[in-house]
Amino acid sequence: MATYIILSRLSPEAMKDPSDIKDLAKKVNREIKRKCPGIVWKESYAVKGSYDIVDIVESDDEAEVDRASMIIRSTGNSWTETLTTTPWHEFLKHF
């Protein structure tokens with residue numbers, strides 16, 4: 001399985017109150033589980049900086065990762081950026 005990193009930035013319209021983040025997360029997770037069954041969620045982090053959330057996922061289907069990113073955008077009212085990854089030891093084999 002390939003590993004992907006999904007970076008998300010919540011828009012100001014995403015929630016009315018900071019405590020709404022729990023309900024928003026449940027809603028997004030429910031949609032992704034329903035529409036992207038091949039994705040394995042590894043970790044999620046709240047971060048400070050240009051993005052609010054970093055999700056690390058695995059999948060054999062890049063299109064399904066794209067679909068998950070679109071679900072985060074539409075359901076979570078967020079901007080996303082998806083990064084593909086290469087394990088460091090595999091990357092070094094190219095040099």
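What to note about this one:
- Of everything in the range 31-49 that is farther than 24 Å from residue 60 by Cα and of a type outside the set (A, V, I, L, M), the residue that is least open to solvent (accessible area, probe 1.4 Å) is 49.
- Residue 54 meets all of the listed conditions (1) surrounded by 13 or more Cβ atoms within 10 Å (Cβ to Cβ); (2) part of a helix (DSSP H, G or I); (3) among the aliphatic types (A, V, I, L, M) but one, namely (2).
- Residues of the range 29-44 that turn out to be of a type outside the set (D, E, K, R) and within 17 Å of residue 85 (Cα to Cα), as a count: 4
- Every residue from the range 57-68 that is among the acidic types (Asp, Glu) and open to solvent by 60 Å² or more (accessible area, probe 1.4 Å): 60, 61, 62, 66
- Residues satisfying the stated conditions in the range 1-30, i.e. assigned to a helix (DSSP H, G or I), of a type in the set (A, V, I, L, M, F, W, C) and open to solvent by 40 Å² or more (accessible area, probe 1.4 Å): 21, 25
- Pick from the range 57-86, criterion in a loop (DSSP other than H, G, I, E, B) and without any contact (Cβ under 8 Å) to a residue 40 or more places away in the chain, ranking: farthest from residue 1 (Cα to Cα): 86
The values are calculated or read from the model by the stated rules, or taken from the named source; none is laboratory data. Only a predicted model underlies this, so the values are computations on that prediction, with no experimental measurement involved. Positions of Cβ are backbone-derived with ideal geometry, glycine not excepted, and every protein chain shown enters the neighbour counts. To get the accessible areas, we keep the full protein, side chains included, count just its heavy atoms, and leave off ligands, DNA and RNA. Shrake-Rupley method; radii C 1.70, N 1.55, O 1.52, S 1.80 Å.
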